[in-house]
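Q: Sharing a structure, written as structure tokens. Questions coming.
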Amino acid sequence: MPAQSPSRPPAAPRRVAVLGGNRIPFARSDRAYARASNQDMLTAALDGLVARFGLAGERLGEVAAGAVLKHSRDFNLTREAVLGSRLDPATPAYDVQQACGTGLEATVLVANKIALGQIEAGVAGGVDSASDAPIAVSEGLRRILLSLNRARTVGQRLAALSQLRPGDVVPNAPQNREPRTGRSMGEHMAATAAQWGISRAAQDELAATSHHHLAAAWERGFFDDLVTPYLGLTRDDTLRPDTTVETLAGLRTVFGDGEGATMTAGNSTPLTDGASTVLLGSERWAAAHGLDPLAWFVDAETAAVDYVHGDEGLLMAPVYAVPRLLERNGLSLQDFDVYEIHEAFAATVLTTLAAWEDADYCRDRLGLDAPLGAIDRDRLNVNGSSLATGHPFAATGGRIVASLAKTLHERGGGRGLVSICAAGGQGVVAILEA
């Protein structure tokens, strides 16, 4: 065998700073952003970040972002947003898609490249429009149109058109359903909530708290350097500061069956439009640009569950990801000052917490000797979360990372846990420290 050349020892990973973020106000679908595209919104969020941090003309290592609902024209969405921004056009960009985990997964990808010394700084983000969702033609019409495109003679075109049937012209409207089960995310969550006995009252209380926390954060100016006004909106228009448990208790259920149903439009996230971005960098790059890190991106973990053939809930993957992350970092669930658990539904948060407290579940499903235990609820989603802010799918991760980093910075230090569930039975979780 030929002699192997000496390999260079791997360098220790570098610390990755979360330097700040920017998003546009999130809007309930079919309202303020009804005519804005994903590219419009992502460019606006990115340009707001560029303006805030003086990055005009700057060539960054990369921009990673994505959308869950994309038109075919958006095959290079993030790169197009960069070209439309004031960043140096030589900044590379690419799209990421991991359902509702997209924004956090993009953050992980950029952070890892910085940690390895491959880039010095980058932007992670996400965008989604439920208003401008792509509508596909039927499979029959699609095949006929492709035949027409290939046709070279009048006869071939007429032959293709002769195959058209009335049912072929009915479009395929976008559906919020899991392809393998045909059930919506809300229907899946309703089954999980029933399995765990999550009460309607507990869900309504968590939803009301989310609105109150978000309203308080807006009032004290917490979002003044995290949000750029867009198309007339200066605040999230899904926010209901005067929401009460009593008001929510009057809503009819929208997911689940019969008298046991507990999930309403009030304790479920609304369809939302919006975009978010996060600026990450090495210590050297931050110092060179005079930027004070808000927090450090420490570590992340992803997980998936078999909700198709197994009996696990669709949105339970973060429950599995967190213990792996804790073990790798030598931490317990109680070693955090702030918890950011994405409120896909109030029941999602409550089920996640219940699972971590359940000794049998932690032993049988997570392989733990003891339950992870309870957390201090006063540290949970302290500036509001998705129930009040809204949930443009791919934009949620960037919103949470930027807000958590600023929260830790305001506190003068501490550790934060991010937990985001995603379609397809997936989850992305992460640790930040300041």
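The values are calculated or read from the model by the stated rules, or taken from the named source; none is laboratory data. Computed from a prediction, not measured in an experiment: that's the story for all the values here. Ideal geometry is used to build each Cβ from the backbone, glycine not excepted, and the neighbour counts take in all protein chains shown. Just so you know, the surface numbers come from the protein's heavy atoms only, side chains and all, with ligands and any DNA or RNA stripped out. Shrake-Rupley method; radii C 1.70, N 1.55, O 1.52, S 1.80 Å.
Q: Please report, largest first and rounded to whole Å, the three semi-axes of the ellipsoid equivalent to region 285-385, where each semi-axis is the square root of five times an eigenvalue of the C-alpha gyration tensor.
A: Details: eigenvalues 156, 49, 45 Å².
Working from the Cα gyration tensor, I get semi-axes of 28, 16, 15 Å.
Q: Counting only other residues whose beta carbon sits under 15 Å from that of Gly117, what net charge do I get with K and R as +1, D and E as -1?
A: On the way: positive: Arg8, Arg14, Arg15, Lys113, Arg284; negative: Glu62, Glu120, Glu283.
Surrounding charge for Gly117 is +2.
Q: Could you state, as a whole-number percent, how many of the C-alpha pairs of the chain are farther apart than 42 Å?
A: Details: 16158 of 93961 pairs.
Counting pairs separated by more than 42 Å, the tail of P(r) holds 17 percent.
Q: While we're looking at this one, here's another question. In the full protein assembly as shown, how much of Val428 is accessible to a 1.4 Å probe, in Å² to the nearest 10?
A: Its accessible surface works out to 0 Å², give or take rounding.
Q: If you don't mind, there's one more thing I want to ask. I'd like the accessible area for Val82: 1.4 Å probe, protein heavy atoms, all chains in place, Å² to the nearest 10.
A: Roll a 1.4 Å probe over it and Val82 shows about 0 Å².
Q: Hey, can you grab everything whose amide H is under 5 Å from the amide H of Phe255? Only 5+ residues off in sequence or another chain; H modelled, so Pro and N-termini drop out.
A: Met263
Q: Sum up the charges of everything whose Cβ sits under 14 Å from the Cβ of Ser184, counting Lys and Arg as +1 and Asp and Glu as -1, but leave Ser184 out. Walk me through the numbers on the way to the answer.
A: Details: positive: Arg177, Arg180, Arg183; negative: Glu178, Glu187, Asp257.
Charge balance near Ser184 sits at 0.
Q: Can you list the residues, at least 5 places off or on another chain, whose amide H is less than 5 Å from the amide H of Thr277, using H built in the peptide plane?
A: Asn22, Arg23
Q: Okay, moving on. Taking the alpha-carbon centroid of each part, what is the distance from region 135-188 to region 282-324 in angstrom?
A: The distance from the Cα centre of region 135-188 to that of region 282-324 comes to 38 Å.
Q: What whole number of Å gives the distance from the Cα centroid of region 224-273 to the Cα centroid of region 71-111?
A: For region 71-111 versus region 224-273, the Cα centre distance is 28 Å.
Q: Convert 10 °C to kelvin, take the viscosity as 1.306 mPa s, use the Kirkwood radius over C-alpha pairs of region 237-331 as Rh, and evaluate the Stokes-Einstein diffusion coefficient in µm²/s, rounded to a whole number.
A: On the way: Rh = 18.5 Å.
After rounding, the answer is 86 µm²/s.
Q: Arrange the residues Leu353, Leu83 by how much accessible surface each exposes, largest first, with a 1.4 angstrom probe.
A: On the way: Leu353 5, Leu83 85 Å².
Ranking Leu353, Leu83 by accessible area, largest first, yields Leu83, Leu353.
Q: Something else now. Using each residue's phi in region 219-232, evaluate 6.51 cos²θ - 1.76 cosθ + 1.60 at θ = phi - 60° and report the 3J(HN,Hα) Karplus result to the nearest Hz, with x for Gly and Pro.
A: 5, 8, x, 4, 8, 4, 10, 10, 9, 10, x, 8, 6, x
Q: Here is a follow-up. Could you put Phe75, Phe393, Phe223 in order of accessible surface area, largest first, with the 1.4 Å probe and the full protein assembly present? Write down the numbers at each step before the final one.
A: Values: Phe75 160, Phe393 45, Phe223 5 Å².
Sorted by accessible area, descending: Phe75, Phe393, Phe223.
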